[in-house]
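Read the figures in this text as sums done on the coordinates, not as results from a lab. Not measured: the values here are computed from a predicted model. Here Cβ is always computed from backbone atoms with ideal geometry, including for glycine, and neighbour counts include all displayed protein chains.
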Amino acid sequence: MTITIERLNPKKHNRNDFNCGEPEINTFLKRYATQAQKTKTGDTFCAIDSTNPSTILGYYSISPINADVFQNIKGLPKRPNHCLLIGKLAVDLNFQDQGLGKFLIHHAFKTAIFGMPSIFCAVIVDLKNTSKQLTSFYSKLGFYELTEKRWFIPMKEIEKIFRLMSDRPVYNGLIHYNLLQL
């Protein structure tokens, strides 16, 4: 199986068969993701198996936001900041617990750092719930709790990850590494 990340294409990708087990997250992909792309308020990227390119294995949605919540965090500007928000991240039930969520987060980091690193000061995630499993997942990836349902990782940390991993093999344009080993 060769996994690639592609921008959501409603004519190519089958959104109706995607099921991550969370109806709200499934509905976003089916009904609202393309609307955000059309209005240029957000974007969605899908993990696709090259042998079955219409099947969505997982996805994440991003949008730029202005955050004024960093006033008390050392090392971040005190003024309102431009951040990249990961509003949704999901993996189909058939592909969970195989590292695909980390692969999608890595791609979001790549999008932030190679897209506009001088604009964004952090990547923020909105958590659907605050289960121990979910908070542990983001904590291991380097995110910090901002509020109960909003976590962040400063761009400086993402840049550090990419500097550390610059000598690793590249596969489909993505640097492969195990985030848990950092």
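Computed from backbone phi with θ = phi - 60° and the Karplus coefficients 6.51, -1.76 and 1.60, the 3J(HN,Hα) list for segment 17-26 is 8, 6, 8, 9, x, 10, x, 5, 6, 5 Hz; x is used for glycine and proline. Among HIS106, HIS82, the order by Cβ neighbours within 10 angstrom, fewest to most, reads HIS82, HIS106. Stretched out straight at 0.36 nm per residue, the stretch from LYS140 to THR41 would grow longer than its current Cα-Cα span by 32.7 nm. The lysines whose alpha-carbon is closer than 16 Å to the alpha-carbon of LYS110, local same-chain residues fewer than 8 away aside, are LYS102, LYS156, LYS160.
Count charges around ASN52 for me, please; just the other residues with Cβ under 14 Å from its Cβ, Lys/Arg as +1, Asp/Glu as -1. Overall, the nearby charge balance is -3.
Counting neighbouring Cβ atoms within 10 Å and putting the fewest first, the residues HIS13, HIS107 line up as HIS107, HIS13. Projecting label points 7 angstrom from Cα along Cα→Cβ for THR147 and THR130 puts them 1.1 nm apart.
Modelled spin-label separation between GLN96 and LYS30, with each label point placed 7 Å from Cα along the Cα-to-Cβ direction: 1.8 nm. The lysines within cross-link reach of LYS38, meaning a Cα-to-Cα straight distance under 18 Å and a gap of 8 or more places when in the same chain, are LYS11, LYS12, LYS30, LYS88.
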